[in-house]
Structure formats: C-alpha cells, structure tokens
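Asks: Encoded as structure tokens, here's the structure I'll be asking about.
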Amino acid sequence: MRTDTRHLWPALAAVAIIVPAQTGAAQDQAYLAPQAAAATLADGAPWSAKAANGRTFKLTLNKDGTGRIRGGLPFPMSVKWAVKGEAVCLTGTMISKCLRFREVPGGFQGYVDDKPDLKLTR
C-alpha cells in the first residue's frame, strides 16, 4: 500500500523557508543603545554571567560605574564600567572588554566585534 504524500510538499517547503529565517532573527536584531543597556545592567543586583570560554560567575554593576565579579576565581574582583561610544566597557585586573548588547530571553547577550561573548541572565 502506497500513501499519497503530494499534499505535504507545500507545507514542507514553507517550513524549509521559515526555520532558517527564524534562526537568523537574533543576528538581525539591533543592538541596544549603550546607555539603555547600562541603565538596565547597572542596578546593583547580581547577574549570572557566562563568558565565551564557558566560565560562569556573578557580575554586579552599580550605577556609579563600579562593580564586582564573584565566582570563577578564588576571590572577588572589582571592576569598573563606562559607556564608551556604542559599547559598555568593563575594566578590571583580569578583564578589559567593550560589549554591545542585544536582549535575549532572560537577559542580555554581549558581543565583541559582532561575535557573542558575555551572556548575562537572571
């Protein structure tokens, strides 16, 4: 017995077009203005951070341009942050990077040179 599947081809073609378009949607999403990202991120509450190398830690940014990293190292580390141009820059003893952010479910994805870098979630 043979089943006629010709009626399924239009639906399969639609799925083949829609799925790749949705996976590229996050890449097409505009970056947040750095001032808007900083205003949200620098609320004094810890963010769960995941670095591009897979390391995880807690990052707390304060409105006054200071912050702290806990976890990932045997001791907490102080950081400073500032808006510079189109990015939010973090500097400290072991970190120096400028990130542009996009909203993602549960938080923000930071990018360096359009490559995913630091993900912050709550």
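The values are calculated or read from the model by the stated rules, or taken from the named source; none is laboratory data. From a predicted model like this one, the values you see are computed outputs, not experimental measurements. Cβ: placed from backbone, ideal geometry, glycine included. Neighbour counts: every protein chain shown. Surface accessibility is based on the protein's heavy atoms, side chains included, excluding ligands, DNA and RNA. Shrake-Rupley method; radii C 1.70, N 1.55, O 1.52, S 1.80 Å.
Asks: Using the basic label-point model (7 angstrom from Cα toward the beta carbon), what is the SER96 to THR40 distance in nanometres?
Replies: My value for the distance between the label points is 2.9 nm.
Asks: Add +1 for every Lys or Arg and -1 for every Asp or Glu among the other residues with Cβ under 9 Å from the Cβ of LEU90, and state the total. Mind showing how you got there, number by number?
Replies: Working: positive: LYS80, LYS97; negative: none.
Computed value for this residue: +2.
Asks: Near ALA52, within a Cβ-to-Cβ distance under 11 Å, what is the net charge of the other residues, with Lys and Arg +1 and Asp and Glu -1?
Replies: +4
Asks: In a shell of Cβ-Cβ distance under 13 Å around PHE108, excluding PHE108 itself, what net charge do Lys and Arg (+1) and Asp and Glu (-1) give? Don't skip to the end; give the middle numbers.
Replies: Working: positive: LYS50, ARG100, ARG102, LYS119, ARG122; negative: ASP43, GLU103, ASP117.
Charge balance near PHE108 sits at +2.
Asks: How high is the relative contact order of segment 36-122, in percent, counting Cα pairs under 8 Å that sit 6 or more residues apart? Please report the intermediate quantities before stating the final value.
Replies: Working: 172 pairs, mean separation 19.0, N = 87.
Reported relative contact order: 22 percent.
Asks: What lysines could a cross-link reach from LYS97, if we take a straight Cα to Cα line under 17 Å and drop same-chain neighbours fewer than 8 places away?
Replies: Output for LYS97: LYS50, LYS58, LYS80, LYS84, LYS115, LYS119.
Asks: Give me the one-decimal Kirkwood hydrodynamic radius in Å for segment 27-122, with the sum taken over alpha-carbon pairs.
Replies: Details: mean 1/r = 0.0759 Å⁻¹.
Over segment 27-122, the inverse of the mean reciprocal pair distance is 13.2 Å.
Asks: At 1.4 Å probe size, what's the solvent-accessible area of CYS89? Round to the nearest 10 Å².
Replies: 10
Asks: Further question on the same structure: Using only the heavy atoms of the protein chains and a 1.4 Å probe, how would LYS63, LYS50, LYS97 rank by accessible area, largest first? Spell out each step's value before the answer.
Replies: On the way: LYS63 160, LYS50 110, LYS97 60 Å².
In descending accessible area the options line up as LYS63, LYS50, LYS97.
Asks: Please list the non-local residues whose amide H lies under 5 Å from the amide H of LEU32, H modeled 1.01 Å from N, same-chain partners needing a gap of 5 or more.
Replies: Those qualifying (amide H under 5 Å, at least 5 residues apart or on another chain) are PHE101, ARG102, GLU103.
Asks: Share of Cα-Cα pairs in segment 68-118 beyond 18 Å, in percent? Don't skip to the end; give the middle numbers.
Replies: Values: 489 of 1275 pairs.
Value for segment 68-118: 38 percent of Cα pairs lie more than 18 Å apart.
Asks: So what are the ³J(HN,Hα) numbers for segment 92-105, from phi and the Karplus equation (6.51, -1.76, 1.60; θ = phi - 60°), rounded to whole Hz, Gly and Pro as x?
Replies: Rounded to whole hertz, the list is x, 4, 10, 9, 7, 7, 10, 10, 10, 10, 10, 6, 9, x.
Asks: Continuing with the same structure: For LEU73, what accessible area in Å² do you get when you roll a 1.4 Å probe over the heavy atoms of the protein chains, rounding to the nearest 10?
Replies: For LEU73, solvent-accessible area is about 50 Å².
Asks: In whole Hz, with x marking every Gly and Pro, tabulate ³J(HN,Hα) for segment 68-83 from phi via Karplus 6.51 cos²θ - 1.76 cosθ + 1.60, θ = phi - 60°.
Replies: Along segment 68-83, the couplings run 8, 10, 10, x, x, 9, x, 9, x, 10, 7, 9, 10, 9, 7, 7 Hz.
Asks: Here's another thing I want to ask about it. Might you work out the accessible area of ARG68 for me, using a 1.4 Å probe with all protein chains in place, and round it to the nearest 10 Å²?
Replies: 80
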